[in-house]
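Below is one structure, written out as structure tokens, with a few remarks after it.
The values are calculated or read from the model by the stated rules, or taken from the named source; none is laboratory data. Model, not experiment: these values are computed from the prediction. Cβ placement follows ideal geometry from the backbone for every residue including glycine, while neighbour counts extend to all protein chains displayed. Ligands, DNA and RNA are excluded from the accessible area calculation, which covers all protein heavy atoms including side chains. Shrake-Rupley method; radii C 1.70, N 1.55, O 1.52, S 1.80 Å.
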Amino acid sequence: MTEVSTIQLNLGDKAPDFHLPRDGGGEVRLADFAGKVLVVYFYPKDDTTACTTESISFTALASEFHKAGVAILGVSPDSVKSHDKFVKKHALSVPLASDEEKTMAIAYGVWREKSMYGRTYMGVVRSTFLIGADGRIARIWDKVKVAGHVEDVLAAAKEL
């Protein structure tokens, strides 16, 4: 059974390290982004309405993030196979990391108890982290509402 995340990251904290498999094969590590600004967005599940909208929105603005020198990484507990289907179906250009063991979700404090229709369960709370080129947390968006979120993240990233 996966443990609940009791970690609460704060602005200025060193971003927790990660090393995960990613869509398309290969792996992704925090060290891959050393010296760069990185947006890490956690989402609950591939190919669900809000998660699809969020990933399509990051893809739509990916060139703007790139021009600003900002990398993007999506993370969910889905498998690499699921990510590959999701990427293909929606023509996503943002890399997606597979956190099936929830190690990264726990380290970032986003694996928490949730409730829907009176039922409680463990899951990823939609959250985004802006990590500065120094490897420290520059901004945190918790319990994200998708509408307008990607634009807000881009504006904050451009300020770094």
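Counting Cα-Cα pairs of the chain in 10 Å increments starting at 0 gives whole-percent bin shares of 11, 43, 39, 7, 0. Working note: 222 nm ellipticity from helices only, DSSP H runs with n ≥ 4, each -39,500 (n - 2.57), summed and divided by the residues of the chain, gives -8000 deg cm²/dmol to the nearest 500.
Taking trypsin sites (Lys or Arg not before Pro) in DSSP loop conformation with at most 16 other Cβ atoms inside 10 Å as exposed sites, the chain has its longest uninterrupted site-free stretch at 46-142.
When a 1.4 Å probe is rolled over the protein heavy atoms, the share of accessible surface on segment 5-81 that falls to carbon and sulfur comes to 55 percent. Counting Lys and Arg as +1 and Asp and Glu as -1 over every other residue whose Cβ lies under 13 Å from the Cβ of V94, the net charge comes to -3. Near V80: Cβ cut-off under 14 Å, other residues only, Lys/Arg at +1 and Asp/Glu at -1. The net charge is -4. Taking T53, T128, T120 as the candidate residues, the one with maximal mean-square fluctuation in a Gaussian network model of the chain, Cα springs under 10 Å, is T120. Between the beta carbons of A91 and K14, assuming R0 = 25 Å, the FRET efficiency works out to 0.15 to the nearest 0.05.
Take the chain with all the other protein chains still there, run a 1.4 Å probe, and you get 52 Å² of accessible area per residue.
For GluC sites (Glu not before Pro), the sites in segment 89-142 that DSSP calls loop and that have at most 11 other Cβ atoms within 10 Å are E101.
In terms of distances greater than 19 angstrom between alpha carbons, the cross-link table entries K45/K102; K45/K67; K67/K145; K45/K89; K67/K88; K36/K89 yield K45/K67; K67/K145; K67/K88; K36/K89.
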